[in-house]
Every structure is written in C-alpha cells, then in structure tokens.
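What follows is one structure encoded as structure tokens, with my remarks underneath.
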Amino acid sequence: MKDYKKVYDKHILIRHDLDFTLENVPIFSTIENELGISGTYFVRINAKNYNPFSHNNSKIIKSLIEKNHEIGLHIEPDYYKNMDLDNNNKSRI
C-alpha cells in the first residue's frame, strides 16, 4: 500500500450550494482554478431566483466543467412534498 501522505499531500474538499444566484460563480471558480482546487457546485433545478437553463447561466455552468469543477444536483425535497403524485410518477423524480 502506498504511503498516504506521499500520494495525498494536498487535498481539499469544497462545495458550493447555489441557492440564490450564479452571479459570483465565475469569480470563485476562477480563484479555485488558479489555486489548483476543484470544487463541486450544486445547482438548483427549481430555483426561484435563477434559471439554470438560461443562456447566461448555461454558459456559467459550462465554464465550470471546462475548469474541471464538478456539477451536482441540489436536491429540494420540499419542492415535491405537496405534489399529488401517484406511485408511477414518483419514480420519475
């Protein structure tokens, strides 16, 4: 087995929950990229304050991928709790 410290001498885990806006994402992702840090950015599909599918936000998300950051889905169970779903529809969420 390899010596853990030799293989992983520098390691950081950083996550970003994008709750309200993607406005500052380019700034943070550029700084992290310059420092050699890959972050994980969790995007809300049902955000009230931004649309991840808009042209500008899609470009921001694409730039994260190009900078070797990860994209995750920010799960929002409360969004679905009041939906009238039968068992067939629940499997699609």
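Each reported figure results from applying straightforward, stated rules to the coordinates on display, with no laboratory input. What you see is a predicted model; the values in this text were computed from it and never measured. Virtual Cβ from ideal backbone geometry, glycine too; neighbours counted across all protein chains shown.
If we count every other residue with Cβ under 14 angstrom of Asn68's Cβ, Lys/Arg +1 and Asp/Glu -1, where does the sum land?
Around Asn68, the surrounding residues sum to -2.
For the residue pair Asp78 and Arg15, what label-to-label distance in nm results when each label sits 7 Å from Cα along the Cα-to-beta-carbon direction?
Reported label-point gap for Asp78 and Arg15 is 1.8 nm.
How much length is gained on full extension from Ser58 to Ile45, taking 0.36 nm per residue of separation minus their Cα-Cα distance?
3.5 nm
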